[in-house]
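Worksheet for the structure shown next.
Any read-out appearing in this document is the output of simple, stated calculations on the displayed coordinates, not a laboratory observation. Small disclaimer: the values here were computed from a predicted structure and weren't measured. No Cβ is skipped: glycine too gets one built from the backbone with ideal geometry, and neighbour counts run over all protein chains shown.
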């Protein structure tokens, strides 16, 4: 799967409202989007739902893809935005439930996630802020360049590099990991 093939499929999907071309884009990138969202949410079912929402948003916004950068970079931006919107909605929902004296669904979900076995990567990512975690996943798990992450998060490239550096430092100090390059 090449960048130019993705761009051709996007062009077909936009020009002709070609659902089959978009379906091919979904097939090519759904596992990467789903894995990205799973790492962000820590919950498979939530990530799968968000993944579907992400692709619906992507279909609606496909005409905004400029062709500058990779399609997966643009798609992860849509996924990250979907994640942030979902968090804002669930936070508002939790606040409303709190006001009427109920425990929020989001809180109870947190306990079930914490009681499950988490991987080493999840433990490492847990020390990071949400923004650091998203950027580290885009860089290391999704293989995006600093420029693609910059485009996806709408942050300057220098800020992306700083967040990655800060995230690695946090992980090193939290888990007392020695940096082989620096000693």
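Beta carbons within 10 angstrom, averaged per residue: use that to sort the peptides 161-167, 171-177, highest first. Walk me through the intermediate numbers first.
On the way: 161-167: 16.6, 171-177: 11.9.
Listed from highest to lowest mean packing, they are 161-167, 171-177.
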Ranking of 159, 153 by count of other Cβ atoms within 10 Å, fewest first: 159, 153
Inter-site label distance for residue 16 and residue 61 at 7 Å from Cα along Cβ, in nm: 2.6 nm
For the stretch 118-183, the Rg and Dmax computed from alpha carbons only, in angstrom: 12.0, 34
Sequence of 59, 74 once ranked by neighbouring C-beta atoms within 10 Å, starting from the fewest: 59, 74
Longest to shortest principal axis, alpha-carbon extents of the stretch 1-86, angstrom: 35, 22, 22
Protection-proxy order for peptides 47-54, 139-146, each taking the mean of Cβ atoms within 10 Å per residue, highest first: 47-54, 139-146
Whole-angstrom gap from the stretch 52-82 to the stretch 19-49, using each part's C-alpha centre: 12 Å
Relative contact order, percent, the stretch 118-183 [alpha-carbon distance under 8 Å, six or more residues apart]: 33 percent
Percent RCO, i.e. relative contact order, over the stretch 1-56, from Cα pairs under 8 Å lying at least 6 residues apart: 23 percent
